[in-house]
1. Please report the net charge: other residues with Cβ closer than 13 Å to the Cβ of T41, K and R +1, D and E -1.
2. Can you check what the net charge comes to around V69, using other residues whose Cβ is under 14 Å from the Cβ of V69 (Lys, Arg +1; Asp, Glu -1)?
3. How much of the accessible area of the chain, probe 1.4 Å, is carbon plus sulfur, in whole percent?
4. How do R13, R37 rank by accessible surface area computed with a 1.4 Å probe, from largest to smallest?
5. ³J(HN,Hα) across the range 22-37 via Karplus (A = 6.51, B = -1.76, C = 1.60, θ = phi - 60°), whole Hz, x for Gly/Pro?
6. Quick one: if the Förster radius is 22 Å, what FRET efficiency do R37 and D65 give, using the C-beta to C-beta distance and rounding to 0.05?
7. Apply the Karplus parameterisation 6.51 cos²θ - 1.76 cosθ + 1.60, with θ equal to phi minus 60°, to every residue of the range 59-68 and state each ³J(HN,Hα) to the nearest whole Hz, in sequence, with x for glycine and proline.
8. Tell me, what ³J(HN,Hα) does each residue in the range 4-11 have, in order and in whole Hz, if you take phi through Karplus 6.51 cos²θ - 1.76 cosθ + 1.60 with θ = phi - 60° and put x for Gly and Pro?
Amino acid sequence: MVKVRLFPTLAQRSNSGREQYEVPYQAGLTPGDIIRREGFTGEDAEYIVVMVNNEQSDPDRTLQDGDQVELLVSIQGG
């Protein structure tokens with residue numbers, strides 16, 4: 001299983017509507033796959049920061065069974 005946490009703002013706009021859940025592990029699964037399953041594509045997906053096991057990661061990283069994925073909103077300011 002892969003544990004998934006979504007930033008509350010993302011959870012409200014996601015297909016699942018949940019802040020936390022698990023997905024069955026599948027070989028080749030990536031955070032990008034989870035982002036797309038949640039309905040985020042294009043520009044929306046570009047503003048999502050991916051954390052895997054508490055480290056910033058690339059959306060194309062291949063996940064392992066037991067990984068924890070967090071999807072956060074990239075906030076920039078000045």
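1. Around T41, the surrounding residues sum to -2.
2. -4
3. In the chain, the share of accessible area belonging to carbon and sulfur is 42 percent.
4. Details: R13 145, R37 115 Å².
Sorted descending by solvent-accessible area, the residues read R13, R37.
5. Working through the residues one at a time gives 10, 10, x, 5, 9, 4, x, 4, 10, x, x, 4, 5, 4, 5, 4 Hz.
6. That pair, R37 with D65, gives E of 0.80.
7. Rounded to whole hertz, the list is x, 8, 5, 6, 7, 10, 4, x, 5, 10.
8. Using θ = phi - 60°, the values come out as 10, 10, 10, 3, x, 4, 5, 4 Hz.
The values are calculated or read from the model by the stated rules, or taken from the named source; none is laboratory data. Remember, predicted model here, so these are calculated numbers, not experimental data. Ideal geometry is used to build each Cβ from the backbone, glycine not excepted, and the neighbour counts take in all protein chains shown. Heads up: the accessible areas ignore ligands, DNA and RNA and are worked out on the full protein's heavy atoms, side chains in. Shrake-Rupley method; radii C 1.70, N 1.55, O 1.52, S 1.80 Å.
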